[in-house]
1. With respect to residue B:505, is the statement that it is under 28 Å from the mean Cα position of the chain (by Cα) and under 30 Å from residue B:397 (Cβ atoms) true?
2. Can you tell me which of (1) over 21 Å from residue A:167 (Cβ atoms); (2) buried (at least 17 other Cβ atoms within 10 Å of the Cβ); (3) within 14 Å of chain B (Cβ to nearest Cβ) is the one residue A:132 doesn't meet?
3. Quick one: is residue B:338 touching an Asp or Glu at 6+ places or on another chain (Cβ under 6 Å) and either part of a helix (DSSP H, G or I) or loosely packed, with under 13 Cβ neighbours inside 10 Å (or both)?
4. Of all residues being surrounded by fewer than 13 Cβ atoms within 10 Å (Cβ to Cβ) and either in a helix (DSSP H, G or I) or among the charged types (D, E, K, R) (or both) in the range A:111-125, which is farthest from the other protein chains (Cβ to nearest Cβ)? Just the residue, please.
5. Go over the candidates B:450, B:506, B:481 one by one and state the one that is more than 26 Å from residue B:603 (Cβ to Cβ) and at pLDDT 90 or above.
6. Tell me whether the range B:90-107 contains one or more residues that are in contact with a Ser or Thr (Cβ under 9 Å, 6 or more places away or on another chain) and either part of a helix (DSSP H, G or I) or free of Cβ contacts under 8 Å to residues at least 12 places away in the same chain (or both).
7. Go through the range B:38-75 and give me each residue that's within 14 Å of chain A (Cβ to nearest Cβ) and either touching a residue at least 40 places away in the same chain (Cβ under 8 Å) or within 13 Å of residue B:181 (Cβ to Cβ) (or both).
8. (1) at pLDDT 90 or above; (2) within 13 Å of another protein chain (Cβ to nearest Cβ): which one isn't true of residue A:207, the others all being true?
Amino acid sequence: MERKIGETLLGVEHISLSFGGVKALTDISFNIREKEVFAIIGPNGAGKTSMLNVINGFYHPQQGEIHFKGLHRKQMRPHEAAVQGIARTFQNVALFKGMSTLNNIMAGRNLKMKTNLFWQALYYGPARTEEMINREYVEDIIDFLEIQSIRRTPVGKLPYGLQKRVELGRALAMAPELLLLDEPMAGMNIEEKQDMCRFIIDINEQYGTTIVLIEHDMGVVMDLSERLIVLDYGRKIAEGTPDEIRGNQVVIDAYLGVAHTN
Amino acid sequence: MTEKKAIDRKLDTIPKLLLDHARERGNRPANRLKNFGIWQSWTWSEVAEEVRDLACGLVKIGFQRGDKLAVIGDNRPRLYWSMVAAQALGGIPVPLYQNSVAEEMFHVLENSDAKFAIVQNQEQTDKLLEIKDRLPHLEFICYEEPRGMRDYNQEFIFYYKDIQQTGRAFQSINPDYFLTEVEKGDGSDISILLYTSGTTGEPKGVVLTSDNLIITARNSIDFDNLTSSEEVLAYLPMAWVGDNIFSLAQAYVIGFCVNCPENPETVMTDLKEIGPTYYFAPPAIYETVLTKVMIRMEDASKIKRSMFNYFMELAKTVGIRILDGKPVSFLEKFLYGVGKILVYGPLRNNMGLSRTRLAYTAGEAIGPEIFEFFRSLGINIKQLYGQTEASVFVCAQPDGQVKADTVGTAYPGVELRLADNNEVFYRSPGVFHSYYKNPESTADTKDPEGWVATGDAGFFDDEGHLKIIDRAKDVGRMTDGTLFAPKYIENKLKFFPFIKEAVTFGDEKAYASAVICIDIEAVGNWAERRNLAYSGYTDLSARDEVYDLLQECVESVNADLARDEKLSGSQIKRYMLLHKELDADDGELTRTRKVRRRIVAEKYAVLIAALDDPQQTHCEIDSQMTFEDGRTGTVHANLQIRESSTIKSHVQTLAA
């Protein structure tokens with residue numbers, strides 16, 4: 001499939017977010033374009049996860065606007081964001097531990113199901129057809145992520161690296177346009193990281209999904225992303241291509257910890 | 001009786017057999033592959049079409065009679081079909097080990113002059129691209145799974161289905177082409193080129209003809225009464241000769257169904273779903289299965305555990321007798337029946353061996369208790385002894401005459417003889433044609449009369465069963481002339497869970513001695529249950545209690561050896577427990593955990609000298625140790641030497 005970076009998919013304008021007196025985000029603006037891999041980096045506590053939470057409607061910013069696919073919104077609940085095509089994974093794996101890999105990923109498909117609980121419980125008629133169509137989609141993801149061998153294993157029994165992969169699978173099950181990945185490689189060894197990188201590139205190329213990535217491994221970020229922004233103390237201190245960021249003195253200072261004057 | 005008929009006809013190549021099955025049992029399944037969570041199947045007539053389309057497509061891009069086709073990947077129906085397609089065109093398939101790195105593949109591809117390669121996926125394609133510049137003969141690469149292959153637009157890379165598409169077009173213009181090509185094939189044609197893994201030096205290409213494979217397959221089908229309704233799971237490497245017999249030649253001769261797992265990690269689940277009737281596995285797999293069962297039983301509730309223990313004890317005496325067709329009393333039969341419902345049935349189902357009528361193991365010695373476990377459950381597990389050069393079969397155990405420590409009698413059609421140094425020689429219809437492009441090695445291994453040297457030493461027991469003891473070059477003589485087979489004794493020792501490694505010495509010595517490394521987990525566990533406190537490996541291995549424990553193991557090995565007249569003199573007289581584990585980091589083991597006897601002998605020369613001197617009861621040693629972070633240190637230890645009792649002769653054992 002041809003991959004072209006297109007128009008703005010998600011625009012963030014002058015977002016400010018505070019919890020009581022604590023300012024988490026201050027006046028942040030950036031655009032994410034269709035089919036790009038966009039990274040958000042910054043030291044601990046810079047507001048990266050808060051930013052993702054704002055994008056998928058979990059936090060409601062006091063100021064600013066977000067527009068997604070041309071639609072402006074001030075406030076939105078996570079469910080609505082999901083319906084519109086925003087999926088995410090979490091920094092700490094948030095799966096249904098007692099359920100199998102297959103069922104976890106099927107759960108991600110729930111939004112796409114139209115039959116109601118009654119028919120689903122009976123597993124008859126349209127519910128059955130629907131289940132089969134969705135199962136096919138999920139099997140495709142299982143094949144894509146190479147997790148056939150753990151299809152029936154309860155997720156809680158899996159090693160961390162695989163749990164992360166299952167979580168990615170669940171996000172993919174929604175067939176999202178925008179995929180938010182919150183530290184997808186945290187706590188992984190080199191081999192697992194390499195696998196994850198390959199999956200991210202493949203998702204982006206094969207499904208044409210736009211990806212927003214938070215990651216601490218600079219090597220990964222610089223290799224994967226086309227553009228990135230740097231946050232520090234809730235402010236955007238830089239934006240650009242990996243090469244531009246690498247040489248940016250402000251960024252270097254933020255990471256090395258120069259004393260803040262204000 | 002259609003099965004007999006198929007055998008009798010003049011179907012002397014695999015493609016001819018395929019066309020015959022397509023006619024005779026066109027609607028029966030030939031292959032299954034689990035994909036997207038579902039078993040997809042192909043009937044014999046569908047397989048014939050797939051092979052035909054692929055073969056025609058290959059011709060279209062330039063495949064000629066005699067060309068070599070490299071096949072690399074996991075066990076997939078399409079890769080098996082690739083091999084058959086090459087054979088149909090008079091070409092020679094060369095399957096490679098899919099786990100090899102590019103450099104290892106280089107030698108095989110260069111040596112075989114492979115012109116085409118059909119590979120499973122991007123991973124294998126990448127390996128070939130890495131070395132393609134140095135392989136002038138390699139012209140085309142074809143991949144089976146399109147995933148990740150978007151950006152590979154080199155003109156020499158093809159997608160499997162595209163080639164078949166071209167083939168279909170070719171076929172519609174030349175409808176008789178494929179059949180004519182298949183008819184040109186002859187039993188004496190070279191059917192396959194298999195590279196031996198090559199523990200010594202570069203791998204050698206073993207050339208096998210259609211006759212080699214097909215006659216061997218026919219003999220084995222008769223020997224074990226295989227039918228067209230067998231189900232097998234193809235999960236061992238396609239480059240290994242066994243897979244070419246079990247999953248290809250036998251299947252094509254008799255027409256049973258070969259099932260391919262979803263991927264290498266799902267084999268155990270797939271096994272359960274397929275329930276093969278005929279199964280092959282190396283000893284390590286049986287051992288893993290047994291360990292898993294035992295661990296799970298440890299965790300089971302008390303009632304279940306005692307039920308398991310009771311019925312397994314019963315099975316050991318009754319089950320094996322039933323399997324061997326020996327008489328059992330009515331009560332025993334009844335109890336075994338109850339056990340079948342409560343324990344054996346569910347257990348076999350859990351292991352995926354519910355329907356297994358016949359199971360084989362080969363390659364290494366299998367622990368008697370593992371062997372016994374499976375046989376007592378009613379699984380007819382047997383050992384065979386084979387080689388790539390023999391198209392697998394040299395010896396196998398006939399039904400009802402199965403013993404844990406022999407490899408059975410000569411296979412139908414196989415002649416055996418022993419040389420003076422006890423090296424085993426054989427001659428059979430399966431004997432290989434030659435080593436590819438290596439007449440010297442061929443002459444070294446195979447004499448003009450067709451006798452092949454195995455390199456293994458062995459002897460026949462009273463019932464004519466062959467017992468393989470060691471590599472012929474490792475077998476020595478003791479001063480009194482007794483055969484000394486170190487690996488044979490070490491394996492016997494290692495079958496005890498408490499012994500991790502053992503090195504025995506006896507060549508040109510008056511008596512045999514052993515250096516033993518305890519298994520820290522098993523012995524540690526044993527010590528904990530006895531409230532025996534210890535600080536670590538060195539401490540534990542020096543304990544008198546542990547020596548007492550190991551004494552029993554050594555003496556029971558001695559009792560075992562005493563049963564063999566020829567080996568009775570090589571019983572272990574003195575042994576010591578080493579203060580450290582043998583370690584690959586210290587160069588004592590190879591990376592595949594095989595003991596490097598020579599290095600151990602050099603490094604622990606002091607210990608061996610002490611073992612050889614009957615006066616010494618202790619020995620001091622300083623030895624170098626490499627820690628995991630690469631630092632080295634010296635460990636000092638004062639090791640105890642123990643004497644173990646030996647048994648004089650066969651007659652005395654019986655009396656005692």
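The values are calculated or read from the model by the stated rules, or taken from the named source; none is laboratory data. Model, not experiment: these values are computed from the prediction. Here the Cβ is made from the backbone with ideal geometry for all residues, glycine too, and neighbour counts use every protein chain on show.
1. So residue B:505 does not fit the description; no.
2. That leaves (2) as the condition not met.
3. In short, no.
4. Checked the range A:111-125; the qualifying residue farthest from the other protein chains (Cβ to nearest Cβ) is A:118.
5. B:450
6. no
7. Listed by number, the residues that qualify are B:39, B:74.
8. Status for residue A:207: all satisfied but (1).
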